[in-house]
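Scroll down for the structure; my scribbles are underneath it.
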Amino acid sequence: RPYVTLYEEALPDGAYEHAVNAIAHADLLIIAGTSLRVYPAAGLIRFFRGKHIVVINREEIGVSLNAEEDLFICGSLGEVIEELSAHN
């Protein structure tokens, strides 16, 4: 079994609290490959207090971005990663 939580499964003990703590202390938040419509993960963004957000997704996700500080990359996560890898 892969080390993932599948849809409708309970999160491992402490996972949510650990995510909240990590996001609350991050300077940069990368949101990738998600519509942010499934909770509890979708609610984690409210804990972010940092300065920069990068969104990589096929469609906009309803997050207000600051045009000067944040970045939205429209595309599939796999394609974006492949393109970035090609430039290294």
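The values are calculated or read from the model by the stated rules, or taken from the named source; none is laboratory data. What you see is a predicted model, and the numbers here were worked out from it, not measured in a lab. What goes into the accessible areas is simple: the full protein's heavy atoms, side chains included, and nothing from ligands, DNA or RNA. Shrake-Rupley method; radii C 1.70, N 1.55, O 1.52, S 1.80 Å.
For the chain, a Kirkwood radius taken over Cα pairs fed into Stokes-Einstein (10 °C, viscosity 1.306 mPa s) yields D = 109 µm²/s.
Computed on protein heavy atoms with a 1.4 Å probe, the accessible areas place D27, D70 in the order D27, D70, largest first.
How much length is gained on full extension from A24 to E60, taking 0.36 nm per residue of separation minus their Cα-Cα distance?
Numbers: separation 36, 0.36 × 36 = 12.96 nm, distance 2.28 nm.
Extra length available between A24 and E60 comes to 10.7 nm.
Quick one: accessible area per residue over the chain, 1.4 Å probe, rounded to a whole number of Å²? Roughly 78 Å² per residue, with all protein chains present.
Here's how it looks for V55: its modeled amide H is under 5 Å from those of I31, L71, F72, I73, which are all 5 or more places away or on a different chain. If contacts are Cα pairs under 8 angstrom and at least 6 residues apart, what is the relative contact order of the chain in percent? Normalised by residue count, the contact order of the chain is 24 percent. In the chain, the portion of solvent-accessible area held by carbon and sulfur atoms comes to 54 percent [1.4 Å probe, whole percent, DNA, RNA and ligands not counted]. Diffusion coefficient of segment 23-73 by Stokes-Einstein, Kirkwood radius over Cα pairs, 25 °C, 0.890 mPa s: 219 µm²/s.
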